[in-house]
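First up is the structure itself, then whatever we jot down about it.
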Amino acid sequence: MTLLYFILICYGLTQILVYGSIFNNIRPKKGFFGDLLKCPMCTGFWVGAFVFLVSPCTELITFEYSVINMLLCGWLSSGTSYIFCTIFGDEGINVKRN
């Protein structure tokens, strides 16, 4: 269950950072951070690393602290955030028809 909570937390935070209108005025448009915050895969990695680092502050998710676990959580968050952002949009499930 911990992994499911982790994935959903990371997806939610990534979705807010990349697509949330609340950040439209302060989200950088150019440069490194501008590129980072356009991409759910890139932002997802750093969100996963951040959530891993703050995990001791909650009982909801618990991981053993190590650099390898931080990288694994970043990669997991990156992949699942990208997949979820590709599948789900504002109008529901994205279906491409040719």
Among the residues of region 86-94, is any in contact (Cβ under 8 Å) with a residue 12 or more places away in the chain, open to solvent by less than 50 Å² (accessible area, probe 1.4 Å) and either assigned to a helix (DSSP H, G or I) or over 14 Å from residue 10 (Cα atoms) (or both)? no
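Being surrounded by fewer than 10 Cβ atoms within 10 Å (Cβ to Cβ) and without any contact (Cβ under 8 Å) to a residue 60 or more places away in the chain: is that true of residue 69 here? Working first, answer last.
On the way: surrounded by fewer than 10 Cβ atoms within 10 Å (Cβ to Cβ): no; without any contact (Cβ under 8 Å) to a residue 60 or more places away in the chain: yes.
Criteria not met by residue 69.
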Mind listing just one residue for me: the one in region 24-56 that is more than 12 Å from the chain's Cα centre (by Cα), open to solvent by 60 Å² or more (accessible area, probe 1.4 Å) and of a type in the set (A, V, I, L, M, F, W, C) and, of those, nearest to residue 5 (Cα to Cα)? 53
Within region 41-80, the count of residues that are at pLDDT below 95, within 25 Å of residue 20 (Cα to Cα) and hydroxyl-bearing (Ser, Thr, Tyr) comes to 2
Residue 59 fails exactly one of (1) more than 17 Å from the chain's Cα centre (by Cα); (2) surrounded by 10 or more Cβ atoms within 10 Å (Cβ to Cβ), namely (2)
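The values are calculated or read from the model by the stated rules, or taken from the named source; none is laboratory data. Not measured: the values here are computed from a predicted model. FYI the Cβ positions are ideal-geometry reconstructions off the backbone, even for glycines, and counts take in every protein chain you see. Just so you know, the surface numbers come from the protein's heavy atoms only, side chains and all, with ligands and any DNA or RNA stripped out. Shrake-Rupley method; radii C 1.70, N 1.55, O 1.52, S 1.80 Å.
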